[in-house]
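The structure appears right after this line, and notes come after that.
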Amino acid sequence: MIGLVDYGLSNLRSVLKAFEHLGIETRLVTTPADLEGVERLVLPGVGAFASGMAGLAQAGLAPALGAAVAGGMPLLGICLGMQLLFEWGEEDGRHAGLGLLSGTVLRFQASGLRVPHVGWNRLEPAADHPLLGTLPDPAYAYFVHSYYCRPESADLVLAHTDYGGPFASIVGAHPIYGLQFHPEKSQTVGLRLLANFAALPV
């Protein structure tokens, strides 16, 4: 059972449909009580960093997510959801994130770069990991974001993507993982990554 965290800024329907296509059962998590019986969690998200954290706090889910991963429950952040896993975000000022992974979230700044970063771009694996499994070479995913994650340790980076320079597009330190792109819009590659997450040990 996968819990899809609903905090008001989530593209839940498309993510739910992706897991449904894979034959994987899901449940919406809107309160800490909804975590009962859930084996792993997915934190989707679109929108602003501060609004995302406010939504999680209002629902009482921020401490509940921390307690869940401290108990070993796998958690996958998607797009904004990945960014919220880190300590700080610098969108519209400096705002604290969930602090589950060490690092910050910064705006793309390279000269002449179109922001937001929208469209298909290549995933370059940086480590062998069960989350990646055997991806096609080349593997492409669909991105929509203006900010990127800068992990404190390179060991957190499972794959990177180039956009005015390399940035972390997949991160992970068991049981916490993140995908900066939208797997539910990334066709075969995205579905494979979601299936790999569902198969990770609890």
Legend entry - Per residue, in Å², the accessible surface of the chain once ligands and nucleic acids are set aside, probe 1.4 Å: 43
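Please state the relative contact order of the chain as a whole percent: Cα pairs under 8 Å, 6+ residues apart?
Relative contact order here is 20 percent.
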Inset, instruction - Given the options Leu113, Leu28, Leu158, state which has the largest fluctuation in a GNM of the chain using a 10 Å cut-off (strictly under) for Cα springs. - result: Leu113
Legend entry - segment 138-158 and segment 34-76: distance between their alpha carbon centers, rounded to Å: 20
Legend entry - Within segment 1-106, trypsin sites (Lys or Arg not before Pro) in DSSP loop having at most 16 other beta-carbon neighbours inside 10 Å: Arg94
Inset, instruction - Please identify the helices of the chain, taking whole runs of DSSP H, that span at least 15 Å along their own axis as judged from the Cα atoms and have a mean Kyte-Doolittle score of -0.5 or higher. - result: 187-199
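Ignoring ligands, DNA and RNA, please state the percent of accessible area on segment 1-43 from carbon and sulfur, probe 1.4 Å.
Working: 1020 of 2070 Å².
With neighbouring chains kept in place, the figure for segment 1-43 is 50 percent.
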Inset, instruction - Report, in deg cm²/dmol and to the nearest 500, the calculated mean residue ellipticity at 222 nm for the chain, where each DSSP H run with n ≥ 4 adds -39500 (n - 2.57) and the sum is divided by the residue count. - result: -7000 deg cm²/dmol
Inset, instruction - Any chance you could run the full-extension gain for Val115 through Ser102? It's 0.36 nm times the residue separation minus the Cα-Cα distance, nm to one decimal. - result: 2.2 nm
Legend entry - Fraction of accessible area attributable to carbon and sulfur, segment 122-176 (%, probe 1.4 Å): 49
Legend entry - Where a label projected 7 Å from the Cα of Arg94 along Cα→Cβ would reach, residues of segment 49-65 with amide N under 19 Å: 49-51, 53-54
Legend entry - Rounded to whole Hz, the Karplus (6.51, -1.76, 1.60) HN-Hα couplings of segment 169-176, x for glycine and proline: 9, 9, 10, x, 8, 3, x, 10
Inset, instruction - Subtracting the Cα-Cα distance from 0.36 nm times the residue separation, let me have the gained length for Glu25 to Gln187 in nm, one decimal. - result: 56.4 nm
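I need to check one value: relative contact order of segment 90-147, counting alpha carbon pairs closer than 8 Å and at least 6 residues apart, in percent.
Relative CO of segment 90-147 lands at 41 percent.
The values are calculated or read from the model by the stated rules, or taken from the named source; none is laboratory data. Here the structure is a predicted model, which means the values were calculated and not measured. Please note: Cβ atoms are built from the backbone with ideal geometry, for glycine as well, and neighbour counts cover all protein chains shown. For the accessible areas, the whole protein counts, side chains as well, though only heavy atoms, and no ligand, DNA or RNA atoms are used. Shrake-Rupley method; radii C 1.70, N 1.55, O 1.52, S 1.80 Å.
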